[in-house]
């Protein structure tokens, strides 16, 4: 098992045309990475892995919340994150990938 923390970033995402925004968390970034369909599509086995991630790492986790994740969930998250081509540049995106890659297995 590993522990994933839903950290708060400084990245803002517009929510409406009136200047409303929300500040993204690591859950939002995981969702962006697992939602992206690569060129050529996804086989159903990969879809199932990504949906399993989204069931565990979901919007109900507030900033600062932690959740235990099994190895297969971690590997899916890591694979999606390190291969994700961002359309923006921000230090928090680099920190997010570094965080995901460095999540250590919890000692029993």
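Taken together, the values in this text are just the output of simple stated rules run on the coordinates, not laboratory data. As the structure is a computational prediction, the values presented were derived from the model and not from experiment. Heads up, the Cβs are rebuilt from the backbone with ideal geometry, glycines too, and the neighbour counts pull from every protein chain shown.
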Residue order, fewest to most beta carbons within 10 Å, for 44, 9: 44, 9
So how much slack lies between residue 1 and residue 86, counting 0.36 nm per residue of separation and subtracting their Cα-Cα distance, in nm? 27.8 nm
The alpha-carbon center of region 26-41 and that of region 55-76 are separated, in whole Å, by 15
Relative contact order, percent, of the chain when contacts are C-alpha pairs under 8 Å separated by at least 6 residues? 39
Which of 91, 50, 17 moves the most in a Gaussian network model of the chain with Cα springs under 10 Å? 17
Option label - mean projected area of the Cα convex hull in nm² computed here, alternatives (i) 7.6; (ii) 11.7; (iii) 8.4: (i)
